[in-house]
1. Within a Cβ distance under 15 Å of GLY53, other residues only, what is the Lys/Arg minus Asp/Glu net charge?
2. Once you have a ≥ b ≥ c as the square roots of the Cα gyration tensor eigenvalues for the chain, tell me rounded if a/c is under 1.5, and otherwise prolate or oblate according to whether a/b is larger than b/c.
3. Starting with the fewest neighbours, write out VAL363, VAL441, VAL276 ranked by other beta-carbon atoms found within 10 Å of each beta-carbon.
4. How much net charge surrounds LEU428 when only other residues with a Cβ under 14 Å from its Cβ are counted (Lys, Arg +1; Asp, Glu -1)?
5. Please say if the stretch 303-440 is rounded, prolate or oblate, where rounded means a/c under 1.5 for a ≥ b ≥ c the square roots of the C-alpha gyration tensor eigenvalues, and otherwise the choice is prolate for a/b larger than b/c and oblate otherwise?
6. Between THR192 and residues 5 or more places away or on another chain, which pairs have amide H atoms under 5 Å apart, with H built 1.01 Å from N, and which residues are they?
7. Extending each Cα 7 Å along its Cβ direction at LEU334 and ALA313, get the distance between those two points in nm, one decimal.
8. Among TRP88, TRP114, what is the fewest-to-most ranking by other Cβ atoms within 10 Å?
Amino acid sequence: MSEATSRPSELSAIAKLAAPIVLAQLGLTLLGLVDVAILGHVSATELGGASIGRSIGFVGLALGIGASAALEPLASQAVGAREPHVAWRALLAAIVACTLVWIPCSLVAIGSTWLLAPLGIDPDLVRPARAFLLGQTPGLLCTSIFLSVKTFLQAHERTWPALASAVAANVVNVLVCNALVRGEIPLGRFGTIALGLPPMGALGAGIASSVASAVLVLGVLAAALRMRPARERDARALPIAKVLRLGTPFGLQLLAEIGVFSVVAVLAGRLGEIAVSAHQIAIGLASFTFMGALGISGATAVRVGHAIGERRAPRRAGLVGIAMGAAFMSGSSLLFLVMPRALASLFTDDPRILDLGVTLLGVAAAFQIFDGVQGVAAGALRGAGDVRFAFLANVGAHWFVGFPLALLFGFRLGFGAPGLWWGLLAGLVVISILLAWRFVVVTRALIERV
């Protein structure tokens, strides 16, 4: 088949694989947006505190996500080489690795909440931040295991179980979050269902997040167990060390990326509950749209991994995926520019939070395309088994470019929360260029399996 003939085939293959992954990722992020919407209509203080707690929790989750992401090259390359038993053993190893890293990361995350007050965070925000994190902690393990199983299923091009699980988890989350945060379940024009429960605020939202995450795991595990290969082929030791070797650099990459956004969220708390609440709304919406790029990233990683396992050149799959990610995020950028107030009003009625949220969404519109390119390029590199460069590039771009500029614009020059976001934008521009360039370089020749 000629190169020209293969191009639409690759495009359609990635699109077909990406569509349900995108929807599942959007469903995963929708869990957090539901929490924001419910808390935002109850209390700005509870919302602001939960925002800080969620940001710290994501930092604690980074290494677990890294362990699950190790499956992208391991499982997809094994499937491409017709070795499903190797993919299954990699899944089991990833689940064990996720559990091993969750324990210390959770303890560190919870312990770090005692540093918030010394950092200048309003004490009224510290209590709900810690409460949310305590309730969410079991869900962090469930989330990393869900991502591991979802990645295993994606390698086999089975994407619908994750989507069905995300739908079920969102239904459960709406009910449980309302019940625990408000103590009742609103039914719109039909009134409310009074449950007689005390309103638990941020703690209730955290617990609801854990319950919904458990639903996610059960759904995909049921599908994966039906794909278990014959026992006698799984006698060798689980490749936990290989999972950690591949996953740790990606986990550290996420720690660098998520960490800078989380630190900025904590620093926004120094600007008051209005700033941190607006930041949470804007970052929640930006994260929601990024899930589309992340779904395309996952599909691209699978296609790149399959190509390597089949001893084919993976460059076309990666470049087509990167272009699709940029196109998708261009659409979300336009959405943020056209209707920012309508989007922000879904989460709060406070006019002060709305005004600042609209401003932040304008900045978010500017970095959507760069965020999409870097997200999919990182996925293409993971599919190729190249994980260390992305870690070093993220550290350099986010912490030595984006973060200093965020401090400069946000505090030194007095631009406040918008200044913090302009700094984040600068980091994303640099990382998108670096990762796209790296993928082009490493795919000049055939790549060996990891």
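1. Charge balance near GLY53 sits at -2.
2. prolate
3. So the residues, fewest neighbours to most, are VAL441, VAL363, VAL276.
4. Summing Lys/Arg as +1 and Asp/Glu as -1 gives -2.
5. Verdict is oblate for the stretch 303-440.
6. Amide H neighbours of THR192, under 5 Å, 5+ apart: LEU187.
7. 3.3
8. By the 10 Å Cβ count, ascending: TRP114, TRP88.
Taken together, the values in this text are just the output of simple stated rules run on the coordinates, not laboratory data. Quick caveat, the model's predicted, so the values are computed rather than measured. Note that each Cβ is placed from the backbone with ideal geometry, even for glycine, and that neighbours are counted across all protein chains shown.
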